[in-house]
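Working notes for the structure below.
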Amino acid sequence: MCWSPCQGKVEPAGAFSRMKQLVFVFTLVSLWLSPQLAAEPCVFEAQLVLPAALEGRRAEFSQVLLQAQRRLLSFARRQDCDHLMLQPLMARAQIFDNKAAFDAHLRRIFQASDQKIPASFVAGFVGGDFFAVTPELYSHNVPQFVEADSYEKLICHELAHRLHIRLVNGNEDKMGPMWFWEGFATYAAGQFEADVTLPTRQEVEQIMARPERGDYRVYNRVFKYFVKLVTPTELVRRAALPGFNEWLLENAAP
């Protein structure tokens with residue numbers, strides 16, 4: 001079963017199944033009344049905003065947005081929390097064909113006209129609005145992330161943050177430390193799958209102790225280190241509680 005704060009407690013499997021059926025029926029009715037179309041269950045067509053130079057690639061971008069949702073849905077089904085995707089995670093998607101326009105968009109959103117934005121910051125969400133640079137800019141600016149289906153995984157990574165928020169009932173303060181919620185997103189998106197390097201316990205402790213943002217590949221390795229013994233959804237539940245890092249080292253280290 002999937003833990004969610006809105007459940008409050010663990011229910012018997014049968015009761016949980018009946019609850020999911022009721023949620024599913026209610027959501028289908030809601031989606032029927034909603035202007036956002038469902039391409040298939042839990043996969044939705046977002047409003048896509050493109051500059052004129054990218055209009056010829058509209059079908060390409062529409063398809064990768066759907067594929068990213070399917071990728072996350074596959075993860076959510078394995079964790080038995082796909083009911084949290086019955087409502088759209090993304091309402092609108094805007095793709096930028098140059099980094100300067102992307103950065104200007106961010107500054108307008110956050111009202112930070114003089115803020116320097118790192119070259120590696122290439123995608124994000126504000127509410128239900130997703131925004132990103134093109135696949136070419138992504139690969140150029142963050143070459144260490146290049147792998148099979150890199151761009152699809154980038155979008156899925158951002159969607160995974162949205163799913164994580166739903167897992168903690170909308171309370172972003174319960175998402176745990178930065179290494180954890182970024183590690184969760186990389187794991188859910190299937191990023192760095194070919195990287196089988198596992199850190200030592202000493203390296204794990206050092207990474208967990210750093211408050212500043214670090215290398216996502218390292219966060220992914222630390223998440224894999226702990227997920228060998230504890231499911232992702234149980235880790236999410238534990239991350240919402242005090243003493244998470246200490247609990248991990250005591251109970252979840254292989």
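Go through (1) crowded, with 21+ Cβ neighbours inside 10 Å; (2) farther than 27 Å from residue 45 by Cβ for residue 152 and report which single condition fails.
It fails just one condition, (2).
Looking at (1) in contact with a strand residue (DSSP E or B) (Cβ under 9 Å, 6 or more places away or on another chain); (2) in the same structural domain as residue 244 (by TED's automatic domain parsing); (3) among the charged types (D, E, K, R), which is the only condition residue 162 fails?
Checking residue 162 against (1) in contact with a strand residue (DSSP E or B) (Cβ under 9 Å, 6 or more places away or on another chain); (2) in the same structural domain as residue 244 (by TED's automatic domain parsing); (3) among the charged types (D, E, K, R), the one that fails is (2).
So which residues in the stretch 27-60 are at pLDDT below 65 and assigned to a helix (DSSP H, G or I)?
Within the stretch 27-60, 27, 28, 29, 30, 31, 32, 33 meet the criteria.
Here is a list: 110, 131. Which entry is farther than 30 Å from residue 247 by Cα, in contact with a Leu (Cβ under 9 Å, 6 or more places away or on another chain) and either surrounded by 18 or more Cβ atoms within 10 Å (Cβ to Cβ) or modelled with pLDDT under 95 (or both)?
131
For a quick check of your reading of the model, give me the residue pairs whose first member lies in the stretch 115-129 and is assigned by TED's automatic domain parsing to the domain that holds residue 163 and touching a residue at least 40 places away in the same chain (Cβ under 8 Å), whose second is of a type outside the set (Phe, Trp, Tyr) and assigned to a strand (DSSP E or B), with beta-carbon atoms closer than 9 Å and at least 6 apart or on different chains.
From residues that are assigned by TED's automatic domain parsing to the domain that holds residue 163 and touching a residue at least 40 places away in the same chain (Cβ under 8 Å), the pairs are 128/92.
Of everything in the stretch 186-209, what is assigned to a loop (DSSP other than H, G, I, E, B) and either touching a residue at least 12 places away in the same chain (Cβ under 8 Å) or within 19 Å of residue 164 (Cα to Cα) (or both)? Give them in sequence order.
Looking only at the stretch 186-209, we keep the residues that are assigned to a loop (DSSP other than H, G, I, E, B), and these are 190-200.
190, 191, 192, 193, 194, 195, 197, 198, 199, listed by residue number.
How many residues does the stretch 175-200 hold that are touching a Pro at 6+ places or on another chain (Cβ under 9 Å) and surrounded by fewer than 21 Cβ atoms within 10 Å (Cβ to Cβ)? Walk me through how you get there before you give the answer.
First pass over the stretch 175-200, keeping only residues touching a Pro at 6+ places or on another chain (Cβ under 9 Å): 177-178, 184, 187-188, 198.
Among the residues that remain, those that are also surrounded by fewer than 21 Cβ atoms within 10 Å (Cβ to Cβ) are: 177-178, 198.
Total meeting the criteria: 3.
Just give me the residues in the stretch 210-254 being part of a helix (DSSP H, G or I) and at pLDDT below 90, in sequence order. Break it down into steps so the answer makes sense when it comes.
Keep residues of the stretch 210-254 that are part of a helix (DSSP H, G or I), which gives 216-227, 232-239, 244-251.
If the condition is that a residue be part of a helix (DSSP H, G or I) and at pLDDT below 90, then 251 is the only one that fits.
State all residues of the stretch 223-234 that are more than 17 Å from the chain's Cα centre (by Cα) and in contact (Cβ under 8 Å) with a residue 24 or more places away in the chain; if no residue qualifies, say none.
Keep residues of the stretch 223-234 that are more than 17 Å from the chain's Cα centre (by Cα), which gives 225-226, 228-230.
Within the stretch 223-234, 225, 226, 228, 229 meet the criteria.
Just one of (1) surrounded by 14 or more Cβ atoms within 10 Å (Cβ to Cβ); (2) under 17 Å from the mean Cα position of the chain (by Cα) trips up residue 126, so point out which.
(1)
Of all residues in the stretch 84-106, which are without any contact (Cβ under 8 Å) to a residue 60 or more places away in the chain, surrounded by 17 or more Cβ atoms within 10 Å (Cβ to Cβ) and part of a loop (DSSP other than H, G, I, E, B)?
Result: 88, single match.
The values are calculated or read from the model by the stated rules, or taken from the named source; none is laboratory data. This structure is a prediction, so every number in the text was calculated from the model and none was measured. Using ideal geometry, Cβ is built from the backbone for each residue, glycine included, and neighbour counts are taken over all protein chains shown.
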